[in-house]
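See structure below.
The values are calculated or read from the model by the stated rules, or taken from the named source; none is laboratory data. Everything quoted here is computed from the prediction, not taken from an experiment. Cβ atoms come from the backbone with ideal geometry, glycine included; neighbour counts cover every protein chain shown. To get the accessible areas, we keep the full protein, side chains included, count just its heavy atoms, and leave off ligands, DNA and RNA. Shrake-Rupley method; radii C 1.70, N 1.55, O 1.52, S 1.80 Å.
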Amino acid sequence: MSQMSELLERGKQVLMGNYARLPVVMVRGEGCRLWDAQGNQYLDLFAGFGGAILGHCHPALVTAATEQAKKLWHVGNQFHSVPQIELAERLNKYAFAGQAFFCHSGAEANEAACKLARLRGQESSPKRWKIISLDKSFHGRTLAMIAATGNPKTRDGFSPDVPGFTQVPGGDIDALTRAIDAETAGILMEPIQGEGGINVYPDEYLAQVRKLCDDHGLTLICDEVWTGCGRTGNWFAHQYHRTTDGKPVQPDIMTLGKAIGGGLPVGVMYAKPELAKLFGPGKHGCTLGGNPICAAVARTIFDVIERENLTARAAMLGEHAIARLKGEAKIQSKIKQVRGRGLFLGVELAAVPQNLVEKALDAGLVINVTAQQVIRLAPPINISRDEWDEGLNRVIELLTLL
Ligand SMILES: Cc1ncc(COP(=O)(O)O)c(C=O)c1O
């Protein structure tokens, strides 16, 4: 029995079956490459569901983690710590003026955001507590977040649903307007949907949602767990949007996860100061949230992205990929649409593919398929131009064989 087969057998005994795991044990990563226990090499075009935004074992992140590990490993949140302050300052610099609550995951960040929206809603009469989200959205796996998620499959078997969450079709401002009632506290939405199939809304939609929130006194929560930290070619995807008079559209709360930790567990609920102040002592918490090692790595991610101008690069590489995939004559019958922004791309196929992820893996390529027939490409944003072209060539090759 090979070492990999033996590990797979052991894993089967002791790991829960809640993930459709592929029969591969990864043991090493460097940049955009991964190696399994048998020494096979893979080009990673999915970056661990977006976590590895700067690829695997980036030297600056390894240094940040090891330096911090030698200084201060963990301290309770009854104290301040330098990495937390510096990370929150980065958010002020690259997003908008606000205050941060740190946790470990996107779901936890969204939970915190909904709690804060409800807290604000308590000030109204009648009290506002309901959250509207969008069809095909994904906001996490906690009980409240499966109720917020616009995919009934994620709720299967977990009834009764946590009350107070409804969904409407995305991109339809009239449907959203109709769903608001006197008890609505907020709207929760991804600027571009990830799990739902890289769904991009009409350009004016986010500004319209912002206006609706302003008109009705609602809290706008942008779930940037997938789209944050440079992936879409801007620091945050909401920054693509402007009001009709040219002002930037900002959410009241932005949630982050995945990329902000570079693969370490970091979630952030980041709110405008007037909202953030409602979270006084005892209102919320997280023992290990803002852990110094995780926060030091997260802070460094912003520094590397800025230093290497990776947001602009992600935008450029994304446009290049869309042009290549749309321009390749031999795959046009296989694809319905190519969409997305920056290095957050979806290739909707004309038919549901059979075992495409497994076939890609056999060819040394890590990709993902969501919403049945949408290939998701979300490589580390520091992928080299050569590796990106190599990846696109291999995707095109796979598609010709469908
Ligand atoms: C948009 C969005 N929000 C929230 C989450 C949940 O994040 P986590 O898995 O870190 O809880 C995800 C996970 O895929 C996501 O895509």
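Projecting label points 7 angstrom from Cα along Cα→Cβ for residue 63 and residue 277 puts them 4.1 nm apart. Excluding same-chain residues fewer than 8 positions from residue 336, which lysines have a Cα within less than 17 Å of its Cα? Within the straight-line limit of under 17 Å, residue 336 reaches these lysines: 326. Considering the chain as a Gaussian network with a 10 Å cut-off on Cα pairs, which listed residue, 365, 43, 72, attains the greatest mean-square fluctuation? In the Gaussian network model the winner is 72.
Rolling a 1.4 Å probe over the heavy atoms of the protein chains gives the chain an accessible area of 45 Å² per residue.
With a 1.4 Å probe rolled over the protein heavy atoms of all chains, the accessible area of 142, 244 falls in the order 244, 142, largest first.
Rounding to the nearest 20 debye, state how big the charge dipole of region 205-328 is about its Cα centre with +1 on each Lys and Arg Cβ and -1 on each Asp and Glu Cβ. Walk me through the intermediate numbers first.
On the way: 14 positive and 12 negative charges, 18 e Å.
For region 205-328, the charge dipole is close to 80 debye.
Overall, the accessible surface of region 202-325 at a probe of 1.4 angstrom is composed of carbon and sulfur to the extent of 53 percent. How big is the accessible area of residue 238 in square angstrom, nearest 10, if you roll a 1.4 angstrom probe over the protein chains? Accessible surface of residue 238 is approximately 0 Å². Taking the C-alpha atoms only, the angle from helix 292-307 to the longest principal axis of the chain is near 70 degrees. Our helix-only sum for the chain, with -39,500 (n - 2.57) per DSSP H run of n ≥ 4 divided by its residues, gives a mean residue ellipticity at 222 nm of -10500 deg cm²/dmol.
Taking 4.7 Å between C-beta atoms as the pairing limit, the chain has these partnerless cysteines: 32, 57, 114, 213, 222, 229, 294. Rounded to the nearest 20, the size of the Cβ-charge dipole of region 156-226 about its Cα centre is 120 debye, with Lys and Arg at +1 and Asp and Glu at -1.
State the answer as a single residue: which of 350, 338, 321 lies farthest towards the positive end of the charge dipole of region 300-402, with beta carbon charges of +1 for Lys and Arg and -1 for Asp and Glu, about the Cα centre. Final value for the positive-end residue is 350. Selection among 1, 47, 257 by position relative to the dipole of the chain gives 257 as farthest towards the positive end (Cβ unit charges, Cα centre).
Rounding to the nearest 10 and keeping the result within 0 to 90°, find how far the Cα-based axis of helix 385-400 lies from the longest principal axis of the chain. Relative to the chain, helix 385-400 is tipped by roughly 80 degrees. Given R0 = 35 Å, the distance between the Cβ atoms of residue 155 and residue 322 translates into a calculated FRET efficiency of 0.55. Ranked from largest, the principal axis spans of the Cα set of the chain equal 64, 53, 44 Å.
Comparing 99, 62, 79 along the charge dipole axis of region 61-307, the residue lying farthest to the positive side is 79, per the Cβ-charge model. Any chance you could check the Cα centroid distance between region 103-162 and region 8-68 for me, in angstrom? Taking the Cα centre of region 8-68 as reference, the centre of region 103-162 is 30 Å away. Multiplying the residue separation of residue 1 and residue 142 by 0.36 nm and removing their Cα-Cα distance gives an extension gain of 46.9 nm.
Using heavy-atom solvent-accessible surface (probe 1.4 Å) with all chains present, what is the largest-first order of 388, 73?
Details: 388 0, 73 165 Å².
My answer, sorted largest first, is 73, 388.
Among the lysines, select those whose C-alpha is under 17 Å from the C-alpha of residue 277, and discard any that sit fewer than 8 residues away in the same chain. Qualifying lysines at Cα under 17 Å: 115. The charge dipole of region 61-307, taken about its Cα centre with unit charges on the Cβ of Lys, Arg, Asp and Glu (plus for the first two, minus for the last two), comes to roughly 580 debye. Heavy-atom accessible area, probed at 1.4 angstrom with all protein chains present, ranks 232, 63 as 63, 232, highest first.
Taking amide H as placed 1.01 Å from N in the peptide plane, residue 103 has its amide H under 5 Å from the amide H of 267, 268, 269, 290, each at least 5 places away in sequence or on another chain. The packing ranking, built from the mean of other Cβ atoms within 10 Å per residue, places the peptides 295-303, 249-257 in the order 249-257, 295-303, highest first.
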